[in-house]
Amino acid sequence: MSQSVTGMTESTAAALLSKAFNHDKAASSGPHETKKVAAHCHCGAVQFTVGLPAASLPLRGFICHCSICRYTQGTYARTGVVLPPAIEPDWADGGSMPSEKVASYKVPGYPTARLFCSSCGTTIGGHGENGQWSMPVTLFDEKFWEFRVHAFPKSVPDGGKRRRPFGIARTIETPFVAAQPERATDGTERLRAECHCGGVSFTIPRPSQAIIDDAYLRDYVSPSDPTKWKALLDLCRDCGRLSGANVVPWMLVPRVVIEPPVPSDLQEQPYGTLKTYKSSALSTRGFCGVCGATVLLAHKHREPTAAQAVLNVAMGLLRAPEGVKAERWATWRAGKPAWAEDAKGFDEEFTVSLVEGHRRWGVERYGEAPEFDVI
Ligand SMILES: [Zn+2]
Ligand SMILES: [Zn+2]
Ligand SMILES: [Zn+2]
């Protein structure tokens, strides 16, 4: 597993990845000591505990950069663990998984389904081909993992998140499939965002003169390049739990420029397969009801009037030909990921490594790490 396996399909390599996890640890663990950890989705409809052999801890976590994870979650990577063999969740009601509350998405060509809460969209995970559970660490409040593997880093030609931040020895690689550039009928460039199942698909233009002339919306145009929008990494627990990744990349885009038009507050009318969930008094989330991808976030703090609403677009869904960071479309607030201090309480190693790596990348890219406001 230490060798590159470029050329494998993602599903084949994912199976190998899964098999590599936690077998040896589980085999050496005794039957007596078990650590119980609790997990739940954001809305609380899906809850369970997992009993982990103490000798297997910490579990080795993985960071998967594959396109399936990006497009089914809206993030740049899934941050997960594979549970030891034969470890099953103990569901809250003492029975089996509450299938009426859990939606299932079968990735074409992939033998197992990906599960998510049908009410709030929280990624639950699923069984790997070998029968072991694979789950996002973000379901849990108590850390019992150490990230040790990047999977499919070659899926992200511009590096995605910081490369190999954890002294990682093993990677599994697949080639990147480049997206094609798109243009509107008037010839102007458009950037597509699309979830894995294709049920939610829309395009974004570059900032127009009308946006730059708007006293409110102009603040969402890149301060260094008026042809780009603002982008940032968000480490808050709400975004993390819902999307199934420690960090969510957002691009901030005025609602009125998205095509086809996004309904006000995301929910006045159907928008493809988008479902909505109110994650707080001021926040409404949009996720795909078919594949579970995090798609949009509307926040009342960024809506002085309905016509000036600014939405967070999940950047894992973007199909920029230049790579996942969509650098021809976005200027990154590389000096200041959102909610980093809070995130240290959840996973300090990951957070510190990500913040440092993102800042270093910003200095390389821009000469300094930008720290502009986004409200
Ligand atoms: Zn839920
Ligand atoms: Zn993946
Ligand atoms: Zn979808």
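Which length gain, in nm to one decimal place, applies between T305 and A113 when the Cα-Cα distance is subtracted from 0.36 nm times their residue separation?
Roughly 65.0 nm would be gained on extension.
What's the ranking of 205-212, 234-241 by average number of surrounding C-beta atoms within 10 Å, highest first?
Order by mean packing, descending: 234-241, 205-212.
For V102, enumerate residues with amide H under 5 Å from its amide H, sequence gap 5+ or separate chain, H modeled in the peptide plane.
Amide H to amide H, under 5 Å and 5 or more residues apart or across chains, V102 pairs with S118.
Any aspartates and glutamates with Cα under 14 Å of the K275 Cα? List them, leaving off those in the same chain fewer than 8 positions away.
Those aspartates and glutamates meeting the cut-off are D265.
So the label point goes 7 Å from the Cα of A210 along Cα→C-beta, right? Which residues of region 306-349 then have their backbone N under 16 Å from it?
Answer for this model: 306-310.
For region 75-120, what is the convex hull volume of its Cα atoms per residue in Å³?
Measuring per residue, one finds 134 Å³ for the Cα hull of region 75-120.
Loop-only check: which GluC sites (Glu not before Pro) in region 256-337 are DSSP coil with at most 13 other Cβ within 10 angstrom? Don't skip to the end; give the middle numbers.
Values: sites: E268, E322, E327; in loops: E268, E322, E327.
Counting only loop positions with at most 13 other Cβ atoms within 10 Å, the GluC sites (Glu not before Pro) in region 256-337 are E268.
Counting only residues 5 or more places away or on other chains, whose amide H sits under 5 Å from the amide H of W229 once H atoms are built in the peptide plane?
S222, A330, T331
Can you work out the Karplus-derived ³J(HN,Hα) for every residue in region 207-218? Use 6.51 cos²θ - 1.76 cosθ + 1.60 with θ = phi - 60°, whole Hz, and x for glycine or proline.
Result, ordered by residue: x, 9, 5, 4, 5, 5, 7, 7, 4, 8, 5, 4 Hz.
Take peptides 195-204, 127-136, 98-107 and line them up by average Cβ neighbours within 10 Å, highest first, as a rough protection proxy.
By packing density, highest mean first, the sequence is 195-204, 127-136, 98-107.
Taking the Cα of E33, stepping 7 Å toward and past its beta carbon, and measuring to each backbone N in region 120-144: which are under 20 Å?
Residues 142-144 fall inside that zone.
Just name one of P337, V352, A314: the one whose Cα is farthest towards the positive end of the charge dipole of region 230-352 (beta-carbon charges, Lys/Arg +1, Asp/Glu -1).
A314
Please list 3J(HN,Hα) in residue order for region 305-322, calculated via the Karplus relation 6.51 cos²θ - 1.76 cosθ + 1.60 where θ = phi - 60°; whole Hz, with x for glycine and proline.
Each residue of region 305-322 in turn: 9, 4, 6, 10, 4, 10, 9, 7, 9, 5, 6, x, 8, 5, 10, 6, x, 6 Hz.
Taking H placed 1.01 Å from N in the peptide plane, check which residues at least 5 places from L52 or on another chain put their amide H under 5 Å from its amide H.
K35, K36, V37
Order 34-42, 225-233 from most to least packed using the mean count of other Cβ atoms within 10 Å.
225-233, 34-42
Between E189 and S99, what is 0.36 nm times their sequence separation minus the Cα-Cα distance? Round to one decimal in nm.
Extending this stretch completely gives an extra 28.1 nm.
Please turn the phi angles of region 102-117 into ³J(HN,Hα) values with the Karplus equation 6.51 cos²θ - 1.76 cosθ + 1.60 (θ = phi - 60°), one per residue in order, whole Hz, x for glycine and proline.
Using θ = phi - 60°, the values come out as 10, 8, 10, 10, 9, 6, x, x, 10, x, 10, 9, 9, 10, 8, 5 Hz.
Throughout, read-outs are computed from the coordinates displayed, never taken from laboratory work. As the structure is a prediction and not an experimental result, all values here were calculated from the model. Glycine gets a Cβ as well: all are built from the backbone with ideal geometry, and neighbour counts include every protein chain shown.
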